[in-house]
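Engineer: Structure in structure tokens, see below.
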Amino acid sequence: MPILIVIFSIFVLAVVFGPQWWVRHVLARHGADRSDLPGTGAELARHLLDEAGLQKVTVEETDLGDHYDPEALAVRLLPQHHGGRSIAAAAVAAHEVSHAVQHARGEAGFARRYRLVKNVRWIMRIASAILILAPIVFAFVHVPILLVLQIAAGLLLMAISVAVHVVTLPVEFDASFGKALPVLARGRYLSVGALPAARKVLTAAAFTYVAAALATLLDIMRWFRLLRF
Ligand SMILES: [Zn+2]
């Protein structure tokens, strides 16, 4: 039996952490600076935004992961993508600019995701609070309803994150392959030989959120373990 548990554990770890490891690996692999690239990720983002008529969208450096912030109207890039002259920097910059373009054009998929995330934010806060507080309260007052509430809150959080990802993935694929890749190819920002690598980075960029969500899945499971007291 123990061997089955080991195999099962490896399988779970691979499913949960594998995608995030893969995303990081792809970004790192194509993260080396190249002298044949005309500019940094930030410079390319600025250029593409200006070209799309989005002068009001700013380009900033962040440590919180590459993203587009529709409220602040900002494309934010990690230091290695902001200041780097790599295929990863160019592809990620083009991907995030594509989100700004989706936003500016009022594209339905982007709007749907934006609305959903905004509307479920308070539900997620309440459910998270229940998940954290229920076991603490239960330690003092043994009311079984608290455990039911905890399970319900956990399931609700999982259902919401699945729903968010179902509406997010098409938006991510449009950003990577509907917009960023054609722009990179057409504008000759990358040599033809670099396009297959850019395609890999754009795939990784599209799966970033799903991979990150999978990696936090075990955290939710940790809350379920607290049921055993
Ligand atoms: Zn994206």
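Engineer: Across the Cα atoms of segment 1-152, what radius of gyration and what greatest pairwise Cα-Cα distance (Dmax) are found, in Å?
Structural biologist: Both quantities, over Cα of segment 1-152: 21.6, 66 Å.
Engineer: Sticking with the crude label model, points 7 Å out along Cα→Cβ, report the distance from D50 to L155 in nm, one decimal please.
Structural biologist: Taking the simple label geometry, D50 and L155 are separated by 5.5 nm.
Engineer: Let's see if you can work this out: charge +1 on each Lys and Arg Cβ, -1 on each Asp and Glu Cβ, no other charges. What is the dipole magnitude of the chain about its Cα centre, in debye to the nearest 20?
Structural biologist: 480
Engineer: Find the centroid of the Cα atoms in segment 99-165 and in segment 1-26, then give the distance between the two in whole Å.
Structural biologist: Cα centres, segment 99-165 to segment 1-26: 25 Å.
Engineer: Additional query: Which of the lysines could be linked to K200 by a straight reach, that is with a Cα gap under 28 Å, when you skip same-chain ones fewer than 8 residues away?
Structural biologist: Qualifying lysines at Cα under 28 Å: K179.
Engineer: If you stretched the chain out fully between L116 and S9, how much longer would it get, using 0.36 nm times the residue separation minus the C-alpha to C-alpha distance?
Structural biologist: 35.2 nm
Engineer: In nm, give the distance between the simple-model label positions of I132 and V167, each being 7 Å from the Cα along the Cα-to-Cβ direction.
Structural biologist: Each label point lies 7 Å from its Cα, and together they span 2.5 nm.
Engineer: Just to confirm, what accessible area per residue do you get for the chain at 1.4 Å probe, in whole Å²?
Structural biologist: Result: 55 Å² per residue.
Engineer: How long is the gain from A28 to E61 if the chain were fully straight, where each residue apart is worth 0.36 nm and the alpha carbon distance is subtracted?
Structural biologist: Here the answer is 10.1 nm.
Engineer: Given the -39500 (n - 2.57) contribution per DSSP H run of 4+ residues, what per-residue ellipticity at 222 nm results for the chain, rounded to the nearest 500 deg cm²/dmol?
Structural biologist: It comes out at -24000 deg cm²/dmol, rounded to the nearest 500.
Engineer: At S191 and L73, where each label point lies 7 Å from the Cα along Cα→Cβ, what is the point-to-point distance in nanometres?
Structural biologist: 3.9
Engineer: How much of the accessible area of the chain, probe 1.4 Å, is carbon plus sulfur, in whole percent?
Structural biologist: 68
Engineer: Let me ask something else. May I ask you to derive the relative contact order of the chain, considering only C-alpha pairs under 8 Å and at least 6 residues apart, and to give it as an integer percent?
Structural biologist: 25
Engineer: Just want the answer: with Cβ charges of +1 for Lys and Arg and -1 for Asp and Glu, which residue in P79, I3, G41 is farthest toward the dipole's positive end in segment 1-130?
Structural biologist: I3
The values are calculated or read from the model by the stated rules, or taken from the named source; none is laboratory data. These numbers come from a predicted model, not from an experiment. For neighbour counting, all protein chains shown are included, and Cβ atoms are generated from backbone atoms with ideal geometry for every residue, glycine included. The area values use the complete protein model at the heavy-atom level, side chains included, leaving out ligands, DNA and RNA. Shrake-Rupley method; radii C 1.70, N 1.55, O 1.52, S 1.80 Å.
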